[in-house]
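Below is one structure, written out as structure tokens; the observations come after it.
Coordinate-derived values only; no laboratory data. Model, not experiment: these values are computed from the prediction. Glycine gets a Cβ as well: all are built from the backbone with ideal geometry, and neighbour counts include every protein chain shown.
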Amino acid sequence: MQKKKYTLKKINRLKSKKSFQFVYGKGRTVVDGMSVFYILANQGDDLKIGLAVGKKLGCAVVRNKVKRMMREVFRMHRAELKKGYHIVWVARRKLTKADYKTFERVFLRLAKRASLLQD
């Protein structure tokens, strides 16, 4: 029996520095005490996310843990979001000490404030 792999597909990721810079420059921001969303509408029908966790937030272990949590929250709530957007989710220091429920609450609050949730 093959194990089911839960991953965030490549089609749903922003990877290149150029695409991050484009969203930073042209997109709008939604700010929270724990994180920031940069949102840019695109012509396509896809929804892409990029995750940014700076070196000031901690060592590699901490940064990777934060990114794993962010990725999982996005994966679980991707179906609730509108299509056709590129999102860059930037973590702030308070998010490094948060649990999964807090990540979820922050993500949904920012998505609602950015009017990304489907009706």
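List, in order, the whole-Hz ³J(HN,Hα) value for each residue of the stretch 71-80 obtained from phi through the Karplus relation with A = 6.51, B = -1.76, C = 1.60 and θ = phi - 60°; use x for Gly and Pro.
Result, rounded to whole Hz: 4, 5, 4, 4, 4, 6, 10, 4, 5, 7.
Within 10 Å of each residue's Cβ, count the other Cβ atoms and sort Phe103, Phe37, Phe20 from fewest upward.
With the fewest neighbours first, Phe103, Phe37, Phe20 line up as Phe20, Phe103, Phe37.
Provide the per-residue ³J(HN,Hα) series for the stretch 52-57, in order, calculated from phi with Karplus coefficients 6.51, -1.76, 1.60 and θ = phi - 60°, each as a whole number of Hz, with x at glycine and proline positions.
So the Karplus estimates, Gly and Pro as x, are 10, 10, x, 5, 5, 7 Hz.
Grab the beta carbon distance between Lys15 and Arg113, set R0 = 35 Å, and tell me the FRET efficiency rounded to 0.05.
0.85
Taking amide H positions as placed 1.01 Å from N in the peptide plane, with prolines and chain starts having none, which residues 5 or more places from Arg13, or on another chain, fall under 5 Å of its amide H?
Placed amide hydrogens put Ile49 under 5 Å from Arg13.
Using a simple spin-label model with points 7 Å from Cα along the Cα→Cβ vector, what separation in nm is obtained for Glu72 and Lys94?
A separation of 2.2 nm, rounded to one decimal place.
Step through the residues of the stretch 14-31 one at a time and calculate ³J(HN,Hα) from phi using the Karplus curve (6.51 cos²θ - 1.76 cosθ + 1.60, θ = phi - 60°), rounding each to whole Hz and writing x for Gly and Pro.
My calculation for the stretch 14-31 gives 9, 10, 7, 4, 4, 5, 4, 4, 5, 5, 4, x, 9, x, 9, 10, 10, 10 Hz in order.
Taking semi-axes √(5λ) of the Cα gyration tensor in Å as the quantity of interest, determine which of (i) 29, 18, 12; (ii) 20, 18, 15; (iii) 25, 16, 12 was computed from the displayed structure.
The value computed from this structure is option (ii).
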